[in-house]
Amino acid sequence: MNDKIEPNIIEEITKSIQKIKFGEIVITIHNAKVVQIEKREKKRFDLKPTVKTAKS
């Protein structure tokens with residue numbers, strides 16, 4: 001059995017990690033081979049309430 005991961009797969013995993021700020025990278029393996037890479041990215045928004053001041 002060849003235990004080495006192909007360079008293009010390593011490159012794809014590395015790119016996915018470098019591009020994501022928050023989230024998950026899921027690597028699916030079947031029969032000791034990488035068959036799928038999923039990227040779930042989370043985007044968070046800071047929802048600060050706006051306060052209106054009364055003008056005199």
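Values quoted throughout were computed directly from the atomic coordinates according to the rules given, and no laboratory measurement underlies them. Keep in mind that what you see is a predicted model, and the values were worked out from it rather than measured. Note that we place each Cβ from the backbone using ideal geometry, even for glycine, and neighbour counts take in every protein chain shown.
May I ask for the angle, rounded to the nearest 10°, between helix 7-19 and the longest principal axis of the chain, with both axes built from Cα atoms and the value confined to 0 to 90°?
Helix 7-19 sits at roughly 10 degrees to that axis.
Report the gain in length on full extension from Thr53 to His30: 0.36 nm times residue separation, minus Cα-Cα distance, nm rounded to one decimal.
The span from Thr53 to His30 would gain 2.2 nm if fully extended.
Subtract the Cα-Cα distance of Thr14 and Lys39 from 0.36 nm times their separation in residues, and report this length gain in nm to one decimal.
Result for the pair: 7.8 nm of gain on full extension.
From the list (i) 1.04; (ii) 1.42; (iii) 1.49, can you say which value of Rg/Rh (Cα atoms, Kirkwood Rh) was derived from the structure given?
Calculated Rg/Rh (Cα atoms, Kirkwood Rh): the matching label is (ii).
Please return the longest range in the chain lying between exposed loop sites, taking trypsin sites (Lys or Arg not before Pro), DSSP loop only, at most 13 other beta-carbon atoms within 10 Å, and leaving the sites out.
Here the longest segment lacking exposed loop sites spans 22-41.
For the chain, what is the calculated [θ] at 222 nm in deg cm²/dmol (nearest 500), taking -39500 (n - 2.57) for each run of four or more DSSP H residues and dividing by its residue count?
Rounded to the nearest 500, the figure is -7500 deg cm²/dmol.
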